[in-house]
Amino acid sequence: MSIKAPCILPMQSSRRDWLGRIGSGLGMIACQALLHRSSHAMAGPSPSGQRGLHHAPVAQHVIEIFCPGGLSHVDTWDYKPQLERLHGSPFDSELGKQTFAGVAGKHAKSFWPFRQHGQSGLWISELFPKLAQCIDDMAFVHSMQSKSALHGPAMFMMNSGFIQPGFPSMGSWVTYALGSQTENLPEFVVLPDPRGLPPGGIINWGSGFLPAVHQGTVMEIGGSAEAIGDLFPARSMSAQSQQRSIELLQKWNREHSSQRQADTLLEARIASFELAGKLQMSVPEVVNLEQETEATHRLYGIEDPDAGPFGKQCLLARRLVERGVRFVQIYCGAENTSKKAIRPNWDSHEDIVRDHGYWGRILDTGASALIGDLKSRGLLESTLVICTSEFGRQPFMQGEQKGRDHNPGAFTAWMAGGGIRGGVAYGASDPIGFKAQENPTYCYDLHATALHLLGIDHQRLTFYHNGIQRRLTDVHGKVIRELIA
Amino acid sequence: MAMQVILRSSAAWLLLGGLALCQSPSSESALEILRDRCIQCHGQRIEEGKLRLDHRDGLLHGGESGKAIQLGHSAESLLIARVSATDETRMPPDGQALTQDQIEILRRFIDQGAPWGNQNLQDSRMDHWAWQPLRPTNVPWLDTQSDANPIDRFLAVAMSKRGVEPLPRASRKELIRRLSFDVVGAPPSPEEVQEYETDLSEDAWERLVDRMLASPQYGERWARHWLDIAHYADTHGFERDQRRDHAWPYRDWVIDALNTDLPYDQFILHQIAGDVLPDKDPRSTIASSFLAVGPWDFVGQVETPSPVIKRLARADDLDDIVTQVMTSFCGVTVHCARCHHHKLDPVGQQEYYGLTAIFSGVKRGDRLVWQDEAQAIEATRSQLKGRKLAIDQELLKLSHGLLLADIVGGGNGFGTGLIGVGVDPSTAGLKQPHEKSGFLDGVVANRLNPTENPWIDSVFVPDGGAGKELAISQSGKIARGIPATGAKVWDAIRNGPVNSQFSTSLDGVDCAPPGHSMLSLHANAGITFRLKADLLDQSFSPQENPSGRFVFSGMVGYFGQTPTQGADAYILVDGQVVNKFPGLGRDDGLKSFRIELPKGDSLLTLIATDHGNGIGHDQICFIDASIAPLDPNTSAQQKDRIESLAKESGLLQGELDRLPEPRKVYGVLSETPASIRLLHRGNTEEPGQEVLPSALACVGPNLASIARLDAQSTDAQRRLGLAQWICSEENPLPARVIVNRLWHHHFGKGIVATPSDFGLGGALPSHPELLDWLALQLQQGGWSLKRLHRLILLSEAYRRSSIDAHSGTQENSARVIDAGNELLWRQNPRRLDAESLRDAMLSVAGSSNGTMHGPGYRDFEYQEEYAPVYRHQVLDSPEVFRRSIYRFVVRTTPHPFLTSLDCPNPATMTPVRNTTTTAIQSLATLNNAFVLQQSERFANRLQSDVGQDARQQAIRAIQLAFSRSPTPEEIDSATDLIQNAGLFHLCRTLLNTNEFIYVD
């Protein structure tokens, strides 16, 4: 058995000694300031003074639940009585050829009945009985659209505003703008579905052309102390040997740096080892869900073989936010495979009931627990919860199948907490949910609204890259005031 | 068209400004407002709405919306209405609206009768420095440095103006380490360091530079910089990130082009149009893969049937190509003009689509490197195959007897039949090889379909079941015990594979004809052979068959995809099931059978059924199924013949196996160019008028005509035209851009800090005269990059120390005056980039595998899926210890270790890498399995270099890692660590030090 003890900065006393000895370069205070803003001190070009907040923020944190594969809005959030009337009648076959699979079947009403809930009286389908209880905290955007009907590009668009890969994700932009509240944990954490990565892979949380410190750090929910890559050495070694090594390393680094006064990068790297030591202590602590009560475990459905993993992701997200992590992204679903079984994500081409039935219960359990838990701890006010997919699904069957094809023309995203007015709906799709009709919008407006709540003007958060001052919202985006409390 | 006076000089501007200034002495003039806010879209180059506001006639004449002004009546003037509008009709549409003061100036201007000379307003963006011709400058004369490198003389002028004193030359050990990482991407060995430090000859540095530039590692190092710009990877990217196994020849081409110092204009030409050059050099074809090495969306381009999605994917594809060509060679960000005119540079949307049209015949895919080579190989293959076929056929007859497959193919049982011919089991219709079918329509189960073939009694589609009797011959024979089926059937009973045959191999044996005979029955199908004694006796003489008895033998297997329980096979003699193979699957492999036939006439029936689970992939094949004498009387002569034929066949197969595959490269598939339309707001569903191929106007109107072509022009003409435009010596951009890129890598920062953007949004050159002087040096020096490297490397500026030992508080110190080191008073220290750090670790650990060229090393586990899965691993094999340039680069799954060190994502073009320092990065350099592995190897190397003495190990370790001798104190500390923690820990520590990771 290997012993994986924290190894970078061993004992508190020696750490203090260490800090005390940085006489030549930066003092202790300067060093800590550096740690605190490490990303910025070490980053490349600064975005011309846009570092701080543009206005007072309401939200401090974001937890984004991403349902990859294409969550069917017409079976879940977006009630379409007209579709019940058209049920069974054929859809326009010419229009149907424009879809991803190129073949439209008959109109199909929701596979789950809709009911009104809460004081707001908003509609939600019976796929989500628990989330229905949270409806007065949720704000829906029913007029979302995507510029691509393909998973990869549409995922990239929802995450970065661009259908091409290589642009910074929203979590990267937010942490680039705001930095972190904690030096003990990464500022942007991603919790992928344990079944695998979503379509498009880790580029979904890449920092694009922003400095690498802003890319999402993947954290495993397995409960192992080594929840992030390379947290501990890949082989066992004695704590004492490691301690000696680190002491010599930092001694040599300080000597090297003291001869090169002009170079803050060298100091920053010395500090980064200190920060790494903190990660070694905090990460095993935060991923240890055993610290939570049994009631909390029950709330998140941790023991449930299907819903348990997502419950763990949601619970871990709450723990991360509690400890100051700025942005957490949770994936509820993985990449497609060629296996003929329940789909590993929401991409229900052949069988809506089988796949959405499975994933619906998972999302319902975890997301409702998260909202309720954040609320009861007083964290919901400062935590913006976003739930979205890359696109919706069609209001008709895919040919002769029992599933629905991709629909970039309309889908629903919702938000809760963090300054969001609950129990409201914004925008609307057409009477059957085929195209966005009232206040049609893209991810830009959702992003602009989220940034606004975080105290950021989306038009002023820019970064120069290959000829353009780039923005998360490209040249678009407006804050959806109707959703703000 | 009216004569136009082009005003460029500032004197002319003063005149013009003065003219308007008379009208409004204290503020901006009306003409200045028009010049700065209007003529970008209503001028000589772009005439939005057919309106021109760059001369008075245009203002009076108006455009599509009517007259722009009513002379003397500002209140009725459209111009005023539009600039004061608050809805989407407002002009100008972008940026801030005009202020009330500006609108008032325009009002007064109109009311006063629009006083304007006959001069045209010139778009001031055309005056931008980068579009101007290269300006020859005399190298500045300095009394003190008369023999100095011209570069230093340019830099000295700028420094003396600011009163900045440069730092002295760096030490020799610093210099050789800097040069080595910079030019070949690896640290110098302690021996090289010592040799240079003790070489006191005057030209020691010059010889060192020349030696490094001549090293093949130079190409490997500098190819990395170019591949960053080309966003090269070995997979497609996007959702289904499939492998591109033939991408690497392009990477090798770049390495070789740099090593052989291919003139840079040729370097450009070959990468844009190498595949359509008349010389047909395979290397040029590989070079043109530059256009193809970026990401490509399989799902959008191929998989989806939706034309809308396909159009968008193709538009993105062309955008990627245009962007790559124009930013890498010219430093112009034309992609900003995809949805609207460029916001900063004088590039119209029209021009963007003109460039798109240049590449509209370019598609991406695997292609042959050299057609002639492929043809030669194919000719040899076909000749060998012909010889082998003749031999195999004779062999089959001699060794196997009468082949049923051959009979189905219309033959005599001894190889005269045609491979691929078959019989439709539902009709007995003859099917030629090209007549492929899927599911057969109108199938009637259990109907006996007689055939014309003397050997084949009938065929049928079986559907049995409990107690059900199936008619299997015209003579009325009945079969029992055949299971119920779906009564569906696919294709025909064939001599050889059926339509969409999953595979012809089973148990590792390729059963494909002509090496074997293959009788395929896709379920559900049955066939009855009529084995008449007299016919059989005609085939085998009494000498060959003394007993007069016959045996039916061969093998049967399930050749579809299903591993188990796929389909069933039955063999019946005279209606009795004599052998059955229920639930065969791929895992069951090949099953042999040998059945003695009764004396006299008999009926032999073969049946394939679906095992009750549908007929998908239910390919039952009988291999080498033949009727042969029971006790053959094979003569010795016959045996010899069989033996010699078998041997010859084997030899020919060996030759076939050894034939090389024609070389392939993932590159350009040249097609007839598609017509390109201007897309409103870049939307593929809103096409406007057709745009013909053309280049940019801003670099010079005369030059632009080179690449202006008509709609009928070929792909070759278009790309050659553009290449000619780029490479023309009148085009100042390519030389400036590449000179700046070299400078950027040698100094850590370009003369222009935005190496792929020389436009108005980019940085201004810190030393414009030097930039032009270097660019002219390149053009006049035969476009040799190595010559330019040498010029730079021999400068004092390059050799300056990076370490400012002064306290830096004096007001006149360089650090205070020029903290950003714009003037290059010192060399910039740099952190190693990700690949160099990995290569350096391999190098000091003694692990490096110097193998050049060829397919990349794969340090990942690959799993075939709808979207393939790549899991990076740390492998312990010399293959993966090659230099990082040879890494198989997976686009959507970036390498975790290298990414933590700012290795860029190959989804985007990266002219400047970020250098970040993060805790995650420090965890990676401390704990990543690769670093631990190399620390271990480093330790082993030290032991083998200097033995077990800790002190000696410490000295050698520091020499290797830092390229210098250790201080006594360092030796003590290191020895102490070895003795108390172990040598491994010292190695790991050294690989993590700032001194190892930074270059002074």
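Conditions tested, residue by residue: (1) buried (at least 24 other Cβ atoms within 10 Å of the Cβ); (2) touching a strand residue (DSSP E or B) at 6+ places or on another chain (Cβ under 6 Å); (3) modelled with pLDDT under 95.
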{"residue": "B:Ile272", "(1), (2), (3)": "yes, no, no"}
{"residue": "B:Lys280", "(1), (2), (3)": "no, no, yes"}
{"residue": "B:Ile286", "(1), (2), (3)": "yes, yes, no"}
{"residue": "B:Trp296", "(1), (2), (3)": "yes, yes, yes"}
{"residue": "B:Val299", "(1), (2), (3)": "no, no, yes"}
{"residue": "B:Pro307", "(1), (2), (3)": "no, no, yes"}
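Among the conditions (1) closer than 27 Å to B:Gln576 by Cβ; (2) of a type outside the set (Gly, Ala, Ser); (3) not assigned by TED's automatic domain parsing to the domain that holds B:Gly566, B:Glu394 misses just one, which is (1). The selection criterion, being free of Cβ contacts under 8 Å to residues at least 40 places away in the same chain, crowded, with 22+ Cβ neighbours inside 10 Å and not charged (D, E, K, R), does not hold for B:Leu606. Within region B:290-314, the set of residues being within 11 Å of chain A (Cβ to nearest Cβ) and either of a type in the set (Ser, Thr, Tyr) or touching a helix residue (DSSP H, G or I) at 6+ places or on another chain (Cβ under 8 Å) (or both) comprises B:Gly294, B:Pro295, B:Asp297, B:Val299, B:Gly300, B:Gln301, B:Thr304, B:Ser306, B:Ile309, B:Lys310, B:Leu312, B:Ala313. In region A:299-351, the residue that is farthest from the other protein chains (Cβ to nearest Cβ) out of those that are touching a Pro at 6+ places or on another chain (Cβ under 8 Å) and among the aliphatic types (A, V, I, L, M) is A:Val325. Looking only at region B:443-459, decide whether some residue is surrounded by 20 or more Cβ atoms within 10 Å (Cβ to Cβ) and among the basic types (Lys, Arg). Checked region B:443-459: no residue is surrounded by 20 or more Cβ atoms within 10 Å (Cβ to Cβ) and among the basic types (Lys, Arg). Checking each residue in region B:679-719 for being in a helix (DSSP H, G or I), in contact with a Leu (Cβ under 8 Å, 6 or more places away or on another chain) and crowded, with 21+ Cβ neighbours inside 10 Å picks out B:Ala707, B:Arg718.
For region B:347-397, the tally of residues that are of a type in the set (Val, Ile, Thr) and over 30 Å from B:Asp127 (Cα atoms) stands at 5. On the given criteria, is B:Arg891 within 30 Å of B:Glu239 (Cα to Cα), among the basic types (Lys, Arg), within 11 Å of another protein chain (Cβ to nearest Cβ) and surrounded by 22 or more Cβ atoms within 10 Å (Cβ to Cβ)? Against the criterion (within 30 Å of B:Glu239 (Cα to Cα), among the basic types (Lys, Arg), within 11 Å of another protein chain (Cβ to nearest Cβ) and surrounded by 22 or more Cβ atoms within 10 Å (Cβ to Cβ)), B:Arg891 qualifies. Put simply, of B:Ala567, B:Ala525 the only residue that is assigned by TED's automatic domain parsing to the domain that holds B:Gly496, touching a Pro at 6+ places or on another chain (Cβ under 8 Å), crowded, with 21+ Cβ neighbours inside 10 Å and touching a residue at least 40 places away in the same chain (Cβ under 8 Å) is B:Ala525. The strands (runs of 3 or more DSSP E) located wholly in region A:90-174 that include 1 or more residues which are more than 14 Å from every other protein chain (Cβ to nearest Cβ) and without any contact (Cβ under 8 Å) to a residue 12 or more places away in the chain occupy A:114-117. Candidates are the residues of region B:653-678 that are surrounded by fewer than 18 Cβ atoms within 10 Å (Cβ to Cβ) and of a type in the set (A, V, I, L, M); the one that is nearest to B:Ala337 (Cα to Cα) is B:Ala674. The set of residues in region B:588-616 that are in a loop (DSSP other than H, G, I, E, B) and under 16 Å from B:Met518 (Cβ atoms) comprises B:Gly589, B:Leu590.
Having 2 or more residues that are crowded, with 17+ Cβ neighbours inside 10 Å and in the same structural domain as B:Glu206 (by TED's automatic domain parsing) is the bar; report the helices (runs of 4 or more DSSP H) wholly within region B:773-857 that clear it.
Working: elements: B:785-793, B:796-799, B:814-817, B:834-844.
Output list reads B:785-793, B:796-799, B:814-817.
Look at B:Phe622 and say whether it is in contact (Cβ under 8 Å) with a residue 60 or more places away in the chain and of a type in the set (Phe, Trp, Tyr). In short, yes. Being within 14 Å of chain A (Cβ to nearest Cβ) and part of a helix (DSSP H, G or I) is the requirement here; does B:Ser328 meet it? Considered against the rule, which asks whether it is within 14 Å of chain A (Cβ to nearest Cβ) and part of a helix (DSSP H, G or I), B:Ser328 comes out as yes. For region A:199-221, residues that are in contact with a Pro (Cβ under 7 Å, 6 or more places away or on another chain) and more than 10 Å from every other protein chain (Cβ to nearest Cβ) total 1.
Report yes if A:Ile228 is touching a helix residue (DSSP H, G or I) at 6+ places or on another chain (Cβ under 9 Å), more than 9 Å from every other protein chain (Cβ to nearest Cβ) and under 23 Å from A:Gly196 (Cα atoms), otherwise no. Even if it seems obvious, please write down each step before you answer.
Working: touching a helix residue (DSSP H, G or I) at 6+ places or on another chain (Cβ under 9 Å): yes; more than 9 Å from every other protein chain (Cβ to nearest Cβ): no; under 23 Å from A:Gly196 (Cα atoms): yes.
In short, no.
When A:Arg195 is tested against the conditions (1) more than 8 Å from chain B (Cβ to nearest Cβ); (2) over 18 Å from A:Met155 (Cα atoms); (3) over 15 Å from the mean Cα position of the chain (by Cα), the lone failure is (2). All of B:Arg178, B:Arg125, B:Arg207 fail the test of being surrounded by fewer than 16 Cβ atoms within 10 Å (Cβ to Cβ) and in a helix (DSSP H, G or I), apart from B:Arg207. The set of residues from region B:964-997 being within 7 Å of chain A (Cβ to nearest Cβ) and part of a loop (DSSP other than H, G, I, E, B) comprises B:Ala981, B:Gly982, B:Thr993. The requirement of being in contact with a strand residue (DSSP E or B) (Cβ under 9 Å, 6 or more places away or on another chain), in a helix (DSSP H, G or I), touching a residue at least 40 places away in the same chain (Cβ under 8 Å) and more than 10 Å from chain A (Cβ to nearest Cβ) is fulfilled nowhere in region B:941-953; no residue meets it. Got a sec? Which strands (runs of 3 or more DSSP E) wholly within region A:374-465 have at least 2 residues that are more than 19 Å from A:His356 (Cα to Cα)? The qualifying strands (runs of 3 or more DSSP E) are A:383-388, A:411-416, A:424-426, A:436-438, A:463-465. Filtered by the rule that a residue be surrounded by 15 or more Cβ atoms within 10 Å (Cβ to Cβ), polar (S, T, N, Q), away from chain B (no Cβ under 14 Å) and part of a helix (DSSP H, G or I), region A:269-298 gives a lone residue, A:Thr296. Residues in region A:257-268 that are touching a Leu at 6+ places or on another chain (Cβ under 7 Å) and within 9 Å of chain B (Cβ to nearest Cβ): A:Ser257, A:Arg260, A:Ala268. The residues of region B:49-85 that are charged (D, E, K, R) and either touching a residue at least 60 places away in the same chain (Cβ under 8 Å) or surrounded by 18 or more Cβ atoms within 10 Å (Cβ to Cβ) (or both), listed by number, are B:Arg52, B:Asp54, B:Arg56. Any residue in region B:382-398 that is of a type in the set (A, V, I, L, M) and modelled with pLDDT of 90 or more? Scanning region B:382-398 turns up at least one residue that is of a type in the set (A, V, I, L, M) and modelled with pLDDT of 90 or more.
The values are calculated or read from the model by the stated rules, or taken from the named source; none is laboratory data. Note that this is a predicted model, so its numbers are computed, not measured. Ideal geometry is used to build each Cβ from the backbone, glycine not excepted, and the neighbour counts take in all protein chains shown.
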